[in-house]
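Below is one structure, written out as structure tokens, with a few remarks after it.
The values are calculated or read from the model by the stated rules, or taken from the named source; none is laboratory data. Since this is a predicted model, take the numbers as computed values, not measurements. Every residue, glycine as well, gets a Cβ built from its backbone with ideal geometry; the counts of neighbours run over all protein chains shown. For accessibility, only protein heavy atoms count, side chains too; no ligands or nucleic acids. Shrake-Rupley method; radii C 1.70, N 1.55, O 1.52, S 1.80 Å.
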Amino acid sequence: MTKADIVNEISKSTGIEKANVLETIEKFMEVVKDSLAHGENVYLRGFGSFIVKTRSEKTARNISKNTTIIIPEHKIPAFKPARVFMDDVK
């Protein structure tokens, strides 16, 4: 399912214009991205949590040059679904 499919589905079920639904979804995604960029987690009860995980520093190999490189500690976004969400998917 794409973002356009989601917009169509919400528009059809609520009667709200597609342009307004698209604007709302875009703003939601922007708020989530900004929150995660500032290290704040986003919790949506009954759906899940958008969280920032920290990956620790690790050693890796560059096979083509036969060298060892160090990948520094970094943060990645992640999604943890709520139990209700998981039960519905099962």
(message) I want to confirm something. Restricting to the stretch 53-90 and keeping residues that are closer than 26 Å to Lys33 by Cβ and among the β-branched types (Val, Ile, Thr), which single residue is farthest from the chain's Cα centre (by Cα)?
(response) Ile71
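So, in the stretch 77-87, of the ones that are in contact (Cβ under 8 Å) with a residue 24 or more places away in the chain and more than 20 Å from Lys53 (Cα to Cα), which residue ends up most open to solvent (accessible area, probe 1.4 Å)?
Kept after step one, since they are in contact (Cβ under 8 Å) with a residue 24 or more places away in the chain, are these residues of the stretch 77-87: 77-82, 84-85.
Imposing the further condition that a residue be more than 20 Å from Lys53 (Cα to Cα) reduces the set to 84-85.
Numbers: Val84: 87, Phe85: 63 Å².
Result: Val84.
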(request) Output the number of residues of the stretch 1-55 satisfying the condition of being open to solvent by 80 Å² or more (accessible area, probe 1.4 Å), in a helix (DSSP H, G or I) and within 13 Å of Pro77 (Cα to Cα). (result) 2
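In the stretch 60-76, which residues are open to solvent by 100 Å² or more (accessible area, probe 1.4 Å) and in contact (Cβ under 8 Å) with a residue 12 or more places away in the chain? Before you say what the answer is, go through the steps one by one.
Residues of the stretch 60-76 that are open to solvent by 100 Å² or more (accessible area, probe 1.4 Å), as a first pass: 61, 63-66, 70, 73, 75.
Listed by number, the residues that qualify are Ile70, Glu73, Lys75.
Would you call Ile69 assigned to a strand (DSSP E or B) and either over 23 Å from Phe85 (Cβ atoms) or of a type outside the set (Phe, Trp, Tyr) (or both)? Spell out how you get there, then give the answer.
Details: assigned to a strand (DSSP E or B): yes; either over 23 Å from Phe85 (Cβ atoms) or of a type outside the set (Phe, Trp, Tyr) (or both): yes.
So Ile69 passes the test.
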